[in-house]
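Chemist: One structure follows; several queries about it will come next.
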Amino acid sequence: MFWRIFLLIWLAMALTVVVSNIATRELMDRERLAIERQEGLREIALEAIAIREGTGEDQGRGAAWRFLKEQGRNLDLHLILIDSSDQEGEARSDALPSSIRERMGGGWHRARPAVIDIDNGYRLVAWPRLGSEGWLDPRLFQWLEMVLGFVIITLACWWVARRISKPLRHVESTARAITSGDLSLRVSPGIVGRRDEIGALAKAFNGMTEQLCDLLERQKHLLRDISHDLRTPLTRQRIAIELASENAEAEPELMASILRQNERLEAMTAQILTLYRVTEKGSDFAREPVRLVTVLNRVLQDAADYAEHRQVDCELKAGPECQQVTVLGDEGLLQRGLDNVLQNALDHTAPGQVVSITLSASAGTLRCEISDTGPGVPPEVLPKLFEPFYRADEARSGQGWGLGLAIAKDIMKAHDGHISATNGKNSGLIVSLSWPIFTGPA
């Protein structure tokens, strides 16, 4: 990228110099033509001819030369009067002195002489005064100008290319160091603070790195939590099996304990597999119109035993406009997502309290709110509730593994829906789910 930027800028600036020289040459030619158009020079030339051809004491060649020198000093010009008849047998263009012909041949020169033809074979040659000149070949000035221009262009392009490529190399080296395992490195604040695309890139890179490091940290906690949650039921099951093997007639309570631990392992494995399948499958599954009221009734029926065990009542409020409303999706996945949210609400509702489920439809959106009367969560924890294996504080630590709401979020995302959580006005947590309506009431 360094050399691409360098060459592009270098070519652009070189082209600018060439075009500038062409424009300058054109302007000099116009200036020469302007000099030629000056009638005053013709009058001066006629007066100089009269002095040259005169026979008085203050006339002749020397007097004409002094007159032109004085007039040229006033006009800031070099003036030379040439009599073509003095050089017989020569072409008209060769009648000029060699120094004048050399200047006229170097068309690039900004002091290129202007030649004004006068009557009787005389010509007046005029060019602007440029101070001390003529001690160097004009072609040398041309090469010096070109070399100096290209040196300045090269230095400017090198500086611009270095300014662009250096921070990019720093970002690359930082990325390589992070890849090697040094997760503490970030792009330097000096580059992040730049107000251009490179600064935006560095800021986005640091943000991405923070997210990845946070993800890796959660992965470590995930492995720790899974190993802990698996080890506990396995240890209990092993003890129960050892006790059962010592007693030929196993007690029903012992066998029930073994069954509960197996069910716990099976439920955890099912949750992990569901999360994996929903994440991998995304929105690539068969869809059909689903009446959400029917799905909610089925979810409440399945949770009736657990709610009775928890001594919690469930209350469903659905407006008449929701009876015939359908959403497009997979009925089994929708039931699983709603069941997870309801299960979370039941786990955090005290006995004797109520879990409220409200279903409403408006503006092309079907909305479901499931609220409990638990202790709620701190505001800073709300965005993390839907992350896999994340658990809030001990006040809301249930018997699960932090997968239920994460699975519900992935299911909602696959159905073009949205899920969020807010704390209630008094207490508890309100989980809001919304879907785009597929069909409304007939």
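Derivation of every value follows stated rules applied to the coordinates shown; laboratory data play no part. Being a predicted model, the structure only gives us computed values, none of them experimental. Here the Cβ is made from the backbone with ideal geometry for all residues, glycine too, and neighbour counts use every protein chain on show.
Chemist: Which distance in nm do the two modelled labels at LYS166 and ASN262 give, with both placed 7 Å along the Cα-to-Cβ direction?
Modeler: 7.0 nm
Chemist: If one computes P(r) from the Cα atoms of the range 284-436, what percent of pairs lie at distances over 18 Å? Walk me through the intermediate numbers first.
Modeler: Values: 6377 of 11628 pairs.
Cα-Cα pairs of the range 284-436 separated by over 18 Å account for 55 percent.
Chemist: To continue, here is another question. By DSSP, what percent of the beta bridges with both residues in the range 284-436 are antiparallel, rounded to the nearest 5?
Modeler: Numbers: 24 of 30 bridges.
Antiparallel bridges make up about 80 percent of those DSSP assigns within the range 284-436.
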